[in-house]
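The values are calculated or read from the model by the stated rules, or taken from the named source; none is laboratory data. Quantities reported herein were computed from a predicted structural model and do not represent experimental measurements. Quick reminder, even Gly has a Cβ in these numbers, built from the backbone with ideal geometry, and neighbours come from all protein chains shown.
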Amino acid sequence: MQLIPAPQLSLADLASAYNETRIDYIVPMPMTVERLKRYVEIYDVDLHGSCAAVSSNVILGLGMLGIRYQRGWITRLGVLPAGRRQGTGRAIMEYLLEQARQRHMPIMWLEVIKGNTPAHQLFISLGFEETRELIVARRPPAYRALGPGEQVFRPQVRNIRTYNRQGALALLEQRQDRPNWLNEVESMRKVGDLSAIAVDTSDGGRGWVSFQPSLLQLTHIVVEVTAGDPAGVTAALLQTLHQYYPTQDAICENLPENDPKWPGFEQAGYFDAFHRIEMVMPLV
């Protein structure tokens, strides 16, 4: 087995190998060449610090290294069925960590899907520690109506404002919470067609939601509540968003498990699809 820098392979080879690593994965995540190219751009992936494990011209696994301001992030780590139980994942991780050390990075981050025990245990054995659980939430275009006796409080919405990409980025730069790598403003700056909606509510609440709309889906959803009840304002914001976009599927990635806004997502029809565990390791 050899570890080959990612630029020695085509994006088509990398995308195909990645899809093979997820063939029996907990959460399917299909990748196309164009989607991989955008992923590399948006999340600051350094392909020269990334690698693939190869044996007899067959890719057995791959892993990618993101770099931001002396922070490292390991992503898209995967091992094909033929490369498992051979130390492939550990070899790739050690390669990525060494690349980070050569770039003098003091800290490394990653996320692992909760329930992926082999990967989780590998990261722990390498020295990573858990920081928090993150929710990946979805909302279908038509969600379950309330049953008999069920009630949801959503304050009345007042003073709706809409923002273009520049306005949405200005809002994101004012966030008070600690974002994850996927939804940091550094990622959002590279997302096209970004928009935002801000509302006031009848009980003195205030907040905004930013998002990327497309024909079929709303992605890169971020909610910030600047005044009032976090759950109530969140529910009002998302209700307003989905009145504007009633036919799109929606996904919100990496919301902290204990975030007080989460009940508002549930009130607006979002469900907990799966969890990621965020982990960190100092390199110095």
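Screening segment 225-249 for residues that are under 16 Å from Ala137 (Cα atoms) and in contact with a helix residue (DSSP H, G or I) (Cβ under 7 Å, 6 or more places away or on another chain) and picking the one that is surrounded by the most Cβ atoms within 10 Å (Cβ to Cβ) gives Thr234. With respect to being under 21 Å from Leu47 (Cβ atoms) and outside any helix (DSSP H, G or I), Met105 fits the description. Exactly one residue out of Ser214, Ser195, Ser202, Ser210 is of a type in the set (Gly, Ala, Ser), more than 20 Å from Glu266 (Cα to Cα) and modelled with pLDDT of 95 or more, and it is Ser195. Considering segment 76-90, the residues that are touching a residue at least 60 places away in the same chain (Cβ under 8 Å) and closer than 15 Å to Asp13 by Cα include one that is nearest to the chain's Cα centre (by Cα), namely Gly78. For Glu266, the requirement of being in a strand (DSSP E or B) and not hydrophobic (A, V, I, L, M, F, W, C) is not met.
Candidates Ile67, Ile74, Ile124: the one that is at pLDDT 95 or above, in the same structural domain as Tyr39 (by TED's automatic domain parsing), on the phi < 0 side of the Ramachandran plot and surrounded by fewer than 19 Cβ atoms within 10 Å (Cβ to Cβ) is Ile67. Just so you know, in segment 1-46 the residues that are assigned to a loop (DSSP other than H, G, I, E, B) and hydroxyl-bearing (Ser, Thr, Tyr) include one that is farthest from the chain's Cα centre (by Cα), and it is Ser10. Could we say that Trp181 is free of Cβ contacts under 8 Å to residues at least 60 places away in the same chain and under 23 Å from the mean Cα position of the chain (by Cα) here? Criteria not met by Trp181. The lone criterion from (1) in contact with a strand residue (DSSP E or B) (Cβ under 7 Å, 6 or more places away or on another chain); (2) not in a strand (DSSP E or B) left unmet by Ala53 is number (2).
Only one of (1) modelled with pLDDT of 95 or more; (2) surrounded by 16 or more Cβ atoms within 10 Å (Cβ to Cβ); (3) not hydrophobic (A, V, I, L, M, F, W, C) is not met by Asn116, so which one is it? So Asn116 meets the others, but not (1).
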